[in-house]
Amino acid sequence: MNDEPAETTGAPAAAARTSAPATHRATTAGTATATPPPAAAQPPVPASSANPAPVYRIEELAHRSGTTVRTIRAYQDKGLLPRPERRGRANVYADSHLHRLHQIADLLDRGYTLASIKELLDAWDTGRGLGGVLGLVAEVEGPWTDEEAVRITRSELIERFGGVPDEAAVTDAVALGVLEPVPGEEHLFLVPSPQELSVAVELHAAGVPLSAITGHLRELRGQIEHVAARFLDFTTEHVFARYLGGHQPPSEAETAEAAALVRRLRPLAQQSVDAELARAMRALATRHLRQHLHADTPVQRTSESLPVLIPASTIQAVERLVGPEHLQAFITAATEREVQTRTLDDLTASARKIKELDQSP
């Protein structure tokens with residue numbers, strides 16, 4: 001039983017093209033006989049021109065858009081989809097409705113909520129440029145590496161790591177995102193970064209335990225995320241502030257320009273990290289080697305800055321306390337104060353000990 005009489009009384013586009021009062025069909029004898037329309041046929045949707053734009057009933061619109069009648073009505077109630085046009089006794093939808101449904105589906109796939117989608121669509125409807133916004137989103141959410149994900153079976157994974165199963169290591173790898181289970185395939189994994197997995201394989205082959213590899217990756221990831229956050233802060237302040245600081249959403253031209261900048265700047269973060277990592281590894285590895293070759297020689301500290309690994313949670317806590325721009329100064333001052341405090345404590349303890357010795361009989 002149909003509970004949508006208003007939307008279902010209009011003829012679909014295909015029926016509108018054959019909605020003459022009678023159609024003529026050639027008989028086997030060569031004569032033409034008039035075939036009356038079916039008794040249940042609905043009155044045709046009036047056409048305003050010889051080639052009217054296609055119109056759809058709500059069921060056909062749902063079918064073409066891959067959604068449901070209930071969803072279409074919900075979108076209308078929320079203001080995401082314009083109301084249909086009333087033609088006689090029929091409610092009909094146009095290609096603009098179909099296009100809007102495709103836009104909503106695309107934004108949902110990108111992870112937007114219905115509330116944020118409504119804001120974007122309202123911006124589009126008032127001429128502020130949804131296309132540019134989506135282009136910027138596509139650049140930011142697109143791949144930041146040339147690597148392509150590959151699939152690997154559990155047996156292949158075990159073979160690459162020496163042939164000994166280690167479920168704890170697999171669980172850690174899944175938790176870190178190094179491996180992603182394939183739905184419906186118990187013994188198959190997706191590897192988002194084959195290069196990262198290859199590093200783990202080589203380290204394990206060199207004798208590093210899997211637990212140490214995953215622990216190192218957790219620590220490294222925290223440091224890298226800090227570097228990425230600083231790079232984003234830097235580029236936002238000096239490059240993208242002019243697009244984000246206004247009271248009105250950026251125009252179509254501005255969002256297109258911002259998307260082009262993201263495309264240009266995307267490789268710079270990795271290039272700068274690669275260069276600095278190479279410099280630091282060369283300097284530290286050389287110093288490390290010299291220390292081991294001359295173990296009897298006291299280590300001479302220089303005045304140059306030395307890298308120190310600090311947990312990401314500590315870095316974030318300090319940034320919340322004093323701001324990113326004062327992070328280094330705060331950590332330096334806190335360290336110096338701790339050193340001075342311990343020095344004073346040592347001096348006080350030494351003086352107290354000497355006094356006690358002097359007063360002993």
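Here is the figure for region 119-163: residues that are at pLDDT 75 or above and in contact with a Pro (Cβ under 6 Å, 6 or more places away or on another chain) total 3.
Scanning region 178-190 for residues that are surrounded by 12 or more Cβ atoms within 10 Å (Cβ to Cβ) and out of contact with any Lys or Arg (no Cβ under 8 Å at 6 or more places or on another chain) returns Val178, Leu179, Glu180, Pro181, Glu185. Out of curiosity, is Leu61 more than 29 Å from Leu261 (Cβ to Cβ) and at pLDDT 55 or above? Against the criterion (more than 29 Å from Leu261 (Cβ to Cβ) and at pLDDT 55 or above), Leu61 qualifies. Here Leu244 meets each of (1) under 29 Å from Phe330 (Cβ atoms); (2) modelled with pLDDT of 80 or more; (3) within 26 Å of the chain's Cα centre (by Cα) with one exception, condition (2).
Within region 76-95, restricting attention to residues that are within 30 Å of the chain's Cα centre (by Cα) and open to solvent by less than 30 Å² (accessible area, probe 1.4 Å), which residue is nearest to Val55 (Cα to Cα)? If we take residues in region 76-95 being within 30 Å of the chain's Cα centre (by Cα) and open to solvent by less than 30 Å² (accessible area, probe 1.4 Å), then Leu81 is nearest to Val55 (Cα to Cα). Residues in region 96-121 that are open to solvent by 40 Å² or more (accessible area, probe 1.4 Å), part of a helix (DSSP H, G or I) and out of contact with any Lys or Arg (no Cβ under 8 Å at 6 or more places or on another chain): Ser96, His99, His102, Ala105, Asp106, Leu108, Asp109, Ala115, Glu119. Cβ separations smaller than 7 Å between residues 6+ apart or across chains give the following pairs from region 72-95 residues that are in a helix (DSSP H, G or I) to residues that are surrounded by 14 or more Cβ atoms within 10 Å (Cβ to Cβ): Ile72/Ile58; Ile72/Leu61; Ile72/Ala62; Ile72/Leu81; Tyr75/Leu81; Tyr75/Ile104; Asp95/Pro54.
The values are calculated or read from the model by the stated rules, or taken from the named source; none is laboratory data. Because the structure is predicted, anything quoted here is derived from the model rather than measured. As a convention, Cβ positions derive from the backbone with ideal geometry for all residues, glycine included, and neighbour counts pool all protein chains shown. Keep in mind that these areas ignore ligands, DNA and RNA; they rest on the heavy atoms of the full protein, side chains included. Shrake-Rupley method; radii C 1.70, N 1.55, O 1.52, S 1.80 Å.
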